[in-house]
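Here is the structure we will look at.
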Amino acid sequence: MKPVIQHSWNLTETEATALQKQLALQVTLHDQLNPIHYIAGVDVAYSELSNKLIAAVVILEAVSLHVIETVVMEDMTQFSYIPGLFSFRELPPVVQAFEKLGSLPELVVCDAQGIAHPRRFGLASHLGVLFDIPAIGCGKTRLIGEYSEPGLTRGSYSPLQAGEQIVGAALRTQDNVKPIYVSIGHRISLPTAQEWILNLCPQYRLPETTRQADQLVRRALAQI
């Protein structure tokens, strides 16, 4: 699987910010979905002992949520730790992992933000635009925006609002658990993104895509 857009990753902070603003104009905020058979989950983790990072991509069958393929890539951090620019630090090994996939996903779920980002271009949007694939940002923590606490039952949600724009939703995926933060990455509407995240959370707070990818990176980090 090859990206349809390629750009240099060797950028200054100013150049990276400018590129975010440019690519954010290509984000599609409505549904442009093909039938979804396979869903990719993406996670990235850092070694506490070195400047290595591990990226994992896991492919799940959309109905059964069974894992059908995994790819793990190890890389060295090249970009500084700058809030709002994490995608430039984390995406290079993710892109390498996608290029090794044998199964082609029709949807990507990232443990990251989509348009719920200061420049409306978090990692999920960046990845979605690079591969021109529907993508969802699903973060455990909130980056921007304000919301009212949603109801305590599974499926309850509140809009995540930044200024006058709704940039995502605080979604309760199980009864009486903390909400997670869902936002559009690319080529999907917010209601459809929330529906898919609920489908991916049959038992736990976090979607199976995130859980499986997180387990992969943890196992890989333990072996460094």
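Rank these for me by crowding, M1, M76, going from fewest to most other beta carbons within 10 Å.
On the way: M1 16, M76 11.
In order of increasing Cβ crowding within 10 Å: M76, M1.
Projecting the Cα atoms of A97, H117, L152 onto the charge dipole of the chain, computed from C-beta unit charges around the Cα centre, puts L152 farthest toward the positive end.
Placing a label point 7 Å from the Cα of L29 along the Cα-to-Cβ direction, the residues of the range 114-128 with a backbone N closer than 16 Å are 114-122, 125-126. Multiplying the residue separation of E13 and S47 by 0.36 nm and removing their Cα-Cα distance gives an extension gain of 9.9 nm. By the count of other C-beta atoms within 10 Å, a proxy for reagent exposure, H117, H126 are ordered fewest to most as H117, H126. Net charge dipole, the range 46-166: roughly 240 debye, given to the nearest 20, about the Cα centre with Cβ charges of +1 for Lys and Arg and -1 for Asp and Glu. For D132, D111, D31, the sequence from fewest to most other C-beta atoms within 10 Å is D31, D132, D111.
Which value, in debye to the nearest 20, gives the size of the charge dipole of the range 1-113 about its Cα centre, when Lys and Arg are +1 and Asp and Glu are -1 at the Cβ?
On the way: 5 positive and 13 negative charges, 47 e Å.
Computed charge dipole of the range 1-113: roughly 220 debye.
When the dipole is taken about the Cα centre of the chain, and only Lys, Arg (+1) and Asp, Glu (-1) are charged at their Cβ, what size is it in debye, to the nearest 20? Numbers along the way, then the final one.
Values: 17 positive and 21 negative charges, 46 e Å.
Charge dipole of the chain: 220 debye, to the nearest 20.
Compared with the alpha-carbon gap, the fully stretched path from S103 to E195 is longer by 30.8 nm at 0.36 nm per residue.
Potential lengthening of the chain between Q78 and T141 amounts to 20.2 nm, from the contour at 0.36 nm per residue minus the alpha-carbon distance.
Order of 62-68, 173-179, 137-143 by packing, highest average Cβ count within 10 Å first? Display every interim value, and only then the final one.
Numbers: 62-68: 13.3, 173-179: 15.6, 137-143: 20.0.
Packing proxy ranking, top to bottom: 137-143, 173-179, 62-68.
Dipole of the range 97-224 computed with +1 at Lys/Arg Cβ and -1 at Asp/Glu Cβ about the Cα centre; of L200, L143, L216, farthest Cα towards the positive end is L216.
For K21, list the lysines whose Cα falls under 27 Å from its own Cα; do not include residues on the same chain fewer than 8 positions away. Candidates past the 8-residue exclusion: K2, K140.
Read-outs: derived from the displayed coordinates by stated rules, not from any lab. All figures in this text were calculated on a predicted structure; none of them were measured in a lab. Glycine also receives a Cβ, built like all others from the backbone with ideal geometry; neighbour counts cover every protein chain displayed.
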